[in-house]
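Step one of this worksheet: look at the structure below.
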Amino acid sequence: MTTTIATTFKDFGLAPALVQAVTDLKFETPTPVQTKVIPALLKGTRDLVALAQTGTGKTAAFGLPLLHLTDPAANVPQALVLCPTRELCLQITRDLTSFAKHLRGIRILAIYGGSPIDPQLRALHRGVHIIVATPGRLNDVLRRKRADLSGVQRVVLDEADEMMSMGFEEDLAAILTETPETSRTLLFSATMPRAVATIANKYMDDPEEILVGHRNSGSDTVRHECYVVHAPDRYAALRRILDCLPSIYGIVFCRTRIETQEVAAHLEADGYSAEALHGDLNQQQRDRVMHAFRVRQRQLLVATDVASRGLDVTDLTHVINYNLPDDPDLYTHRSGRTGRAGKEGVSIVLANSREAYRLRSLEAVVRKPFVHKKVPTGREVCEAQLQVLLDRVKGLGADEKRLAPYWPTIEASLSSLTREELMRCLVARDFDRFLSDYDKAPDLNAGAPERSSRREGREGRDGRGESNRRERFERGAPRAPSSQGAVTRLQVNLGRRNGMTPPVLMSILNRATPGPMLRMGRIEIMEHASVIEVFAGDTSDLAQRLNQQSYDGRQIEAKPVGRPGRGGQPRPSRRERES
Ligand code: AMP
């Protein structure tokens, strides 16, 4: 991160071992928050309230002075860092450990929920100098009388606004009463809601306020873009935007767990590298999803606000607000997840026309206007994808030596083609999918002229491609295919109790049947099972294909069932994918 502030870490008077550690980490210049907080912690005596976003370098801002002031010879906890989530707790512990790597004998311990308490209690018993903890678990440890905080001289409350909104107020109060009156408290918060101001008043003594950026404002490196679409077009618009951003690495924010599941299931089924992160995952599943995202096995995380807390990834290119949050401060949090560590980021909002007024209140909070963008047309998406494809082809660098034995076969087969024909074939191989998906794609911008092309998109293509998927997803239950001839009913062994919803079932079907889409009828979700109606011509091996799928660890079992009230078994038929 480069800043214009002309101080070096050495100038702060930090221990040479700490200066060496930041040099190893290639931190050249202190960030603004470091420039203000490090001297205040090292030399001052007052409590501090620092308003700073995540990603501004605040871990080093408090971590370096804490380490500098810790006495390894005194075998008691001397500093306590409290933060809202297990992930952030581990991240801070990792950062402090890397800052301390040239210091001798400093022990840093992470205490967090969601994993066994005994190893943490044993480590505490062996003795630590710095505790980094989530409030719930640390309070649990204190209730068991297994930690002594009487030697703590400095307390850091990191992401205090998040801790308040996650309901940690009582735990915090209990913990702070166990620390000495004389200890110094440093509170970090991205925003200053009333609950945080109350904590500051109650537990801090005339704190000095350090402001980095504006109060409750967004990061300067984030561009805010919005697309106004009709509500039923939200998913289709998301796909188009994503199709124009092939290298995106970002979070798609949804408002509810179910919406998160549905959007992620649809994106996965439509071939995007996406996964859901929501409160229903157990810790192991959560860790796996986060890891896959961190190491970029996945480009997109579809998440709720709560589930994504503590996910500390500094190089997100975009955040996408699939739906706007109710609280404008949450928007600041969401958008502040991109544009970190001095990089540029984009926060995209998908809004419907009735939400336009809410955009204005967000502009006031982030103190920046939204850039109003048009949802790309089918043609624009195809152009973007074509460019990606051509770049990829050019960058392939075929291995001549390994191909040599096969050259005669290649030549015999392709030499009759002209240069143009060869180029067309090469492009068609991967590009056809986009052409057919976006062929006659309608204008999705709200306020666009009434869309005859949209109707063509829906009806003229026999129910396949973008518009049909969109309609199924946004409008819930698919249309009955009564006009399309005989219908087969398949029963699937998973129902509401197993988390089944029509979109989840649709995504399982899509996964089981790559290629043109099935013509679907009604979907019934019952408590223990579900029934789908499929045009009989599309079903010959559908049950078999579904039986190879699993959902949430359960094997799918699908079998044909009769029509309700008619009792007849469905007519078996050969699968005809294209009619
Ligand atoms: P934080 O706000 O502590 O989560 O830090 C955000 C990111 O900025 C982390 O990846 C840090 O490693 C990095 N960082 C912190 N301070 C500096 C600095 N002075 N120079 C360069 N990178 C930094």
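What follows draws every value from the coordinates through simple rules; no lab data is involved. Being a predicted model, the structure only gives us computed values, none of them experimental. Virtual Cβ from ideal backbone geometry, glycine too; neighbours counted across all protein chains shown.
Can you give the % of DSSP beta bridges in the chain that are antiparallel, to the nearest 5?
25
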**OP:** Please name which of Val295, Gln283, Thr377 has its Cα lying farthest along the dipole of segment 222-377 towards the positive end, using unit charges on Cβ (Lys, Arg +1; Asp, Glu -1) and the Cα centre as origin.
**Re:** Thr377
**OP:** Scan around Val156 for amide H atoms under 5 Å from its own, H built in the peptide plane at 1.01 Å from N, and keep only partners 5 or more places away or cross-chain.
**Re:** Leu80, Val81, Leu82, Leu186
Subject >> Built amide H within the under 5 Å cut-off of Val229, gap 5+ >> reply: Ala351, Asn352, Ser353, Ala446
Original post:
Roughly what angle does helix 378-394 make with the longest principal axis of the chain, taking Cα atoms, 0 to 90 degrees, to the nearest 10?
Top reply: 80
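Go through Lys26/Lys202; Lys43/Lys368; Lys10/Lys368; Lys58/Lys101 and tell me which ones have a Cα-Cα distance over 30 Å in this structure.
On the way: Lys26/Lys202 39 Å; Lys43/Lys368 36 Å; Lys10/Lys368 36 Å; Lys58/Lys101 19 Å.
Those over the limit are Lys26/Lys202; Lys43/Lys368; Lys10/Lys368.
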Original post:
To the nearest 0.05, how large is the calculated FRET efficiency for Ala123 and Arg194 if R₀ is 35 Å and r is the Cβ-Cβ distance?
Top reply: 0.40
Subject >> Spacing of the two label points (7 Å from each Cα toward its C-beta) at Lys145 and Arg419, in nm >> reply: 8.8
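Gain in length, Val393 to Asp205, computed as 0.36 nm per residue apart minus the alpha-carbon separation, to one decimal in nm? Each step should come with its number before you reach the end.
Values: separation 188, 0.36 × 188 = 67.68 nm, distance 6.36 nm.
Here the answer is 61.3 nm.
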Original post:
Using a simple spin-label model with points 7 Å from Cα along the Cα→Cβ vector, what separation in nm is obtained for Val76 and Ser540?
Top reply: 8.0
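Does segment 19-67 classify as rounded, prolate or oblate by the C-alpha gyration tensor (a ≥ b ≥ c root eigenvalues; a/c under 1.5 gives rounded; else a/b over b/c gives prolate, otherwise oblate)? Intermediate results must be reported in sequence, preceding the final value.
Numbers: a/c = 2.25, a/b = 1.39, b/c = 1.62.
It comes out oblate by the Cα gyration axes.
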**OP:** Select from Ile532, Ala40, Asn201 the residue farthest towards the positive end of the dipole of the chain; place +1 on Cβ of Lys and Arg, -1 on Cβ of Asp and Glu, and compute about the Cα centre.
**Re:** Ile532
Original post:
For Lys36, which aspartates and glutamates qualify as cross-link partners when the Cα separation must be under 17 Å and same-chain residues fewer than eight apart are set aside?
Top reply: Asp11, Glu28, Asp47, Asp158, Glu208, Glu209
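Where in segment 78-128 are there trypsin sites (Lys or Arg not before Pro) that are in a DSSP coil and have at most 10 other Cβ atoms within 10 angstrom of their Cβ?
For trypsin sites (Lys or Arg not before Pro) across segment 78-128 that sit outside H, G, I, E and B with at most 10 neighbouring Cβ atoms in 10 Å, the list reads Arg104.
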Subject >> Cα→Cβ-extended label distance, 7 Å offset, between His528 and Lys10, nm >> reply: 7.5
